[in-house]
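Asker: I'd like to ask some things about the structure below.
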Amino acid sequence: MLPSATVQPNPIPTVLVFGGHDPSGGAGIAADISTLLALGCHPIVVITAITVQNTNQLQRYELLDPALIKAQADALLEDTPIAACKTGMLGSAAIVAPVAAAVTALSGVPLVFDPVLCADRGGPLGEPDLVAALQTSLLPRATLVTPNINECRALTSTTEPDQAARELMARGCKNVLVTGTHAPTPKVVHRLYQASNEAVEMSQWPRLTGVFHGSGCTLASAVAAHLAHGESMTDAVNHALEYTWQSLRHGYRPGSGQSIPQRFWRLPKIDA
Ligand code: PLP
């Protein structure tokens with residue numbers, strides 16, 4: 001007789017991700033899945049788009065049918081208890097609609113909203129109607145939004161972090177983490193804004209040399225993972241910043257272009 005596995009209820013928190021596929025493995029859902037697994041969560045993933053890119057260049061993207069995205073989300077929501085959600089590349093207003101409906105149905109579940117608008121090597125990752133849809137439909141539901149300076153410029157009237165955070169929170173999102181990765185400072189300074197408090201300057205990290213791809217996805221997924229484990233927002237952000245910096249420090253170049261984070265840096269090396 002074959003041995004039978006003892007089936008256990010899920011002992012680890014489930015995180016629902018909406019995002020696009022980056023075939024290079026640097027960003028998008030590959031980044032989300034590996035980060036969530038590395039941080040002890042079970043990822044469930046609704047794919048919104050397929051991109052054509054390698055570590056040098058984004059060539060194009062195709063958005064999936066919004067009805068297919070709604071069907072994927074509905075199937076998961078009726079089946080699986082969810083501890084946190086994370087959104088990445090959404091691509092168009094037509095896709096934001098079913099995503100916003102799904103996360104709104106999950107009221108009380110933290111939502112980390114990474115406002116993906118462009119590839120970091122240039123090239124848009126969305127249609128012209130995307131920004132307005134994110135502002136009106138997703139910001140009001142977000143527990144945390146994680147813009148860099150460029151994303152502040154697109155979503156608000158300014159790149160000044162305090163004012164950008166105020167404008168984002170005026171649209172209803174509860175917390176804002178303005179990341180310092182794209183600012184011209186010697187150290188990377190991240191600022192967390194919370195409704196009741198002044199801006200908290202989070203732990204600063206030495207700026208690493210090299211050009212990276214997938215740092216924003218890794219950070220946002222890491223915050224979602226720590227929130228799913230029940231941490232406070234400040235702890236989740238601090239732990240995610242450290243995890244992401246270490247992933248970048250251990251980063252590698254799988255191709256001839258940008259480096260990508262080594263998201264399993266905590267695992268021992270496998271000697272062949
Ligand atoms: N999602 C997808 C599918 C992408 O292709 C990209 C960038 O190319 C991103 C998200 C954002 O990547 P990053 O984490 O470097 O901001």
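Asker: Using a simple charge model, +1 on the beta-carbon of Lys and Arg, -1 on the beta-carbon of Asp and Glu, nothing else, what dipole does the chain show about its Cα centre, in debye to the nearest 20?
Answerer: For the chain, the charge dipole is close to 540 debye.
Asker: Related question: For the stretch 14-249, what is the Kirkwood hydrodynamic radius in Å, using each pair of distinct C-alpha atoms?
Answerer: Hydrodynamic radius (Kirkwood, Cα pairs) of the stretch 14-249 is 17.4 Å.
Asker: Okay, next question. Report, for the chain, the % of DSSP beta bridges that are antiparallel, rounded to 5.
Answerer: 45 percent
Asker: Amide H to amide H under 5 Å from Asn148: which residues, 5+ apart in sequence or cross-chain, H placed 1.01 Å off N in plane?
Answerer: The list, which skips near neighbours in sequence, is Thr179.
Asker: By DSSP, what percent of the beta bridges with both residues in the stretch 43-121 are antiparallel, rounded to the nearest 5?
Answerer: Here the share of antiparallel DSSP bridges comes out near 60 percent.
Asker: I would also like to ask the following. Given the DSSP H assignment, sum -39500 (n - 2.57) over each helix run of at least 4 residues in the chain and divide by its residue total; what's the result at 222 nm in deg cm²/dmol, nearest 500?
Answerer: Value at 222 nm, helices only, nearest 500: -10000 deg cm²/dmol.
Asker: Could you state how much accessible area Arg141 has, in square angstrom rounded to the nearest 10, with a 1.4 Å probe and all protein chains kept in place?
Answerer: 40 Å²
Asker: Using alpha carbon centroids, what distance separates the stretch 143-160 and the stretch 1-56, in Å?
Answerer: After rounding, the separation between the Cα centres reads 27 Å.
Asker: Additional query: Can you send over the carbon and sulfur percentage of the accessible area for the chain, probe radius 1.4 Å, protein chains only?
Answerer: Reported share for carbon and sulfur atoms: 57 percent.
Asker: Using the heavy atoms of the protein chains and a 1.4 angstrom probe, tell me the accessible area per residue for the stretch 14-249 in square angstrom.
Answerer: With all protein chains present, the stretch 14-249 gives 39 Å² per residue.
Asker: Can I ask one more? Based on the Cβ-Cβ distance from Glu127 to His182, what FRET efficiency comes out when R0 is 22 Å, to the nearest 0.05?
Answerer: 0.45
Asker: For labels at Leu37 and Thr136 in the simple 7 Å Cα→Cβ model, what's the distance in nm?
Answerer: Between Leu37 and Thr136, the label points sit 4.0 nm apart.
Asker: What dipole magnitude, in Debye to the nearest 20, does the stretch 17-113 give about its Cα centre under +1 on Lys/Arg Cβ and -1 on Asp/Glu Cβ?
Answerer: For this selection, approximately 200 debye.
Asker: As a test question: what accessible area, to the nearest 10 Å², does Arg191 have when a 1.4 Å probe is rolled over all protein chains in place?
Answerer: Answer for Arg191: close to 70 Å² accessible.
Asker: Can you run phi through the Karplus equation (6.51, -1.76, 1.60; θ = phi - 60°) for the stretch 143-149 and list ³J(HN,Hα) in whole Hz, with x for Gly and Pro?
Answerer: Per residue, the Karplus-derived 3J(HN,Hα) values read 7, 9, 10, 10, x, 8, 4 Hz.
Asker: Report the extension gain between Ser203 and Asp162 in nm, rounded to one decimal, defined as 0.36 nm multiplied by the number of residues separating them, less their alpha carbon distance.
Answerer: Additional length available on full extension: 13.0 nm.
Asker: Now a separate question. Give me the extension gain from Asn150 to Ser4: residue separation times 0.36 nm, minus the current Cα-Cα distance, reported in nm with one decimal.
Answerer: Here the answer is 47.3 nm.
Asker: Same structure, new question: Accessible area of Asp74, 1.4 Å probe, to the nearest 10 Å²?
Answerer: Using a 1.4 Å probe on the heavy atoms, I get roughly 70 Å².
Asker: Turning to a different aspect of this structure: Given the Cα-Cα distance of Asp235 and Arg171 and 0.36 nm per residue of separation, how much length would full extension add, in nm?
Answerer: Contour length minus the Cα-Cα distance gives 20.6 nm.
The values are calculated or read from the model by the stated rules, or taken from the named source; none is laboratory data. Bear in mind that the values here come from a model prediction, so they are computed numbers and not experimental data. Positions of Cβ are generated from backbone atoms using ideal geometry, with glycine treated the same way; all protein chains shown enter the neighbour counts. Heads up: the accessible areas ignore ligands, DNA and RNA and are worked out on the full protein's heavy atoms, side chains in. Shrake-Rupley method; radii C 1.70, N 1.55, O 1.52, S 1.80 Å.
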